[in-house]
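What follows is calculated from the coordinates using simple rules that are stated; it is not laboratory data. A quick note: this is a predicted structure, and the numbers were derived from the prediction, not measured. Note that we place each Cβ from the backbone using ideal geometry, even for glycine, and neighbour counts take in every protein chain shown.
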Amino acid sequence: MEKTKTVVFKVGEKSGLFDFVFTKMKNMSKTKIKSLLSHKQISVNDRIETGYNFPLHENDRVAINFSKSKTDFHHAKLRIIYEDDYLIAVNKSEGLLAVATEKKEDTTAFQIVKDYLKKQNPNNKLYIVHRIDRETSGVLLFAKQKDIQIALQENWHKDVHKRIYYAMVEGVVEKDRDSIISWLTENRKSKKVYSSFNDNGGQKAITHYQVIKRSNSLSLLRIELETGRKNQIRVHMQDIGHPIAGDKKYGSVVSPVGRIGLHAAILTLRHPVTKQIITFEAEIPKKLTDI
């Protein structure tokens with residue numbers, strides 16, 4: 001029996017890589033295709049590609065390797081959802097710090113991904129691009145080169161097209177959709193962020209929300225950030241009287257799922273090298289939708 005099985009397809013017309021494979025492998029689930037991409041088992045013209053939207057052109061050669069990937073990655077608190085030569089995006093579980101704080105921490109998302117890259121090549125580097133709170137799950141992005149990190153951070157507000165979160169909040173939110181605008185300031189001692197609806201010299205923050213589900217005591221919101229300030233969603237939910245469930249720091253008194261009910265679901269941006277618009281997506285944890 002062969003240890004390696006590879007299937008090769010020739011591209012007939014322009015398409016995205018994920019859509020092309022899904023069309024050709026009709027019996028294969030989308031989850032399986034995503035796994036093959038993240039595990040570097042699909043190549044285009046003999047070059048490994050992991051981007052869902054990687055552009056294919058007529059006569060390109062797409063090869064799918066069904067043998068176990070040498071770069072197979074498993075961790076209980078973190079899953080790789082995208083990787084190329086410049087970027088690596090992960091789905092971080094709640095309870096895991098993005099990067100180390102002043103207090104020494106044994107495990108962070110940064111350290112886990114760095115160790116993964118070092119196993120491939122000891123010279124590999126890793127750089128944090130943005131952060132999400134420890135108790136927030138979802139998309140977290142890293143760069144593999146310092147200049148890529150700088151380019152992303154310097155152009156973040158221009159090149160990031162969409163940031164979508166889902167939040168389980170206390171109470172029944174009456175308005176189906178609304179926008180919240182305030183100015184945020186942080187208390188250096190308490191590390192807590194405070195909000196003012198009048199311009200007090202703080203950072204202007206804009207949050208848009210839409211109600212997805214309601215129960216007798218909880219609501220599930222789809223939240224889109226127009227600005228990305230520290231603790232912005234958490235503070236704005238407290239502002240409207242519906243703090244995020246489990247978020248005691250910002251007014252919550254219940255914790256129905258044993259964690260802060262906040263998930264970073266979608267990050268869409270312009271790739272700093274290819275200039276393609278790329279979307280990183282982390283599925284919403286089921287316990288947040290089963291309210």
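Here are some pairs, 119/162; 125/275; 5/125; which of them have Cα atoms lying more than 28 Å apart in this structure?
From the list (119/162; 125/275; 5/125), the Cα-Cα distance tops 28 Å for 119/162; 5/125.
Straight-line reach only, C-alpha to C-alpha below 23 angstrom: list the lysines that residue 287 could link to, leaving out same-chain residues fewer than 8 apart.
30, 32, 34, 77, 92, 213, 248, 249
Binning at 5 angstrom from zero up to the longest distance, how are the C-alpha pair distances of the stretch 219-258 distributed in percent?
6, 24, 31, 25, 11, 3
Taking the structure as given and computing mean projected area of the Cα convex hull in nm², which label from (1) 14.8; (2) 19.0; (3) 18.1 fits?
Computed from the coordinates, mean projected area of the Cα convex hull in nm² corresponds to (3).
Considering only DSSP beta bridges where both residues belong to the chain, give the percentage that are antiparallel (nearest 5).
Close to 95 percent.
Given the -39500 (n - 2.57) contribution per DSSP H run of 4+ residues, what per-residue ellipticity at 222 nm results for the chain, rounded to the nearest 500 deg cm²/dmol?
Rounded to the nearest 500, the figure is -5000 deg cm²/dmol.
Could you work out the mean projected area of the convex hull around the alpha carbons of the stretch 140-291, in square nanometres to one decimal?
It is 10.2 nm².
What aspartates and glutamates could a cross-link reach from residue 40, if we take a straight Cα to Cα line under 16 Å and drop same-chain neighbours fewer than 8 places away?
Counting by Cα, and skipping residues close in sequence, residue 40 has these aspartates and glutamates nearby: 49, 72, 83, 84, 85.
For the stretch 78-159, just list the percent of Cα-Cα distances falling in each 5 Å bin from zero outward, please.
Here the calculated profile for the stretch 78-159 is 3, 15, 25, 26, 20, 9, 2.
Take 130, 236 and order them by how many other Cβ atoms sit within 10 Å, fewest up front.
So the residues, fewest neighbours to most, are 130, 236.
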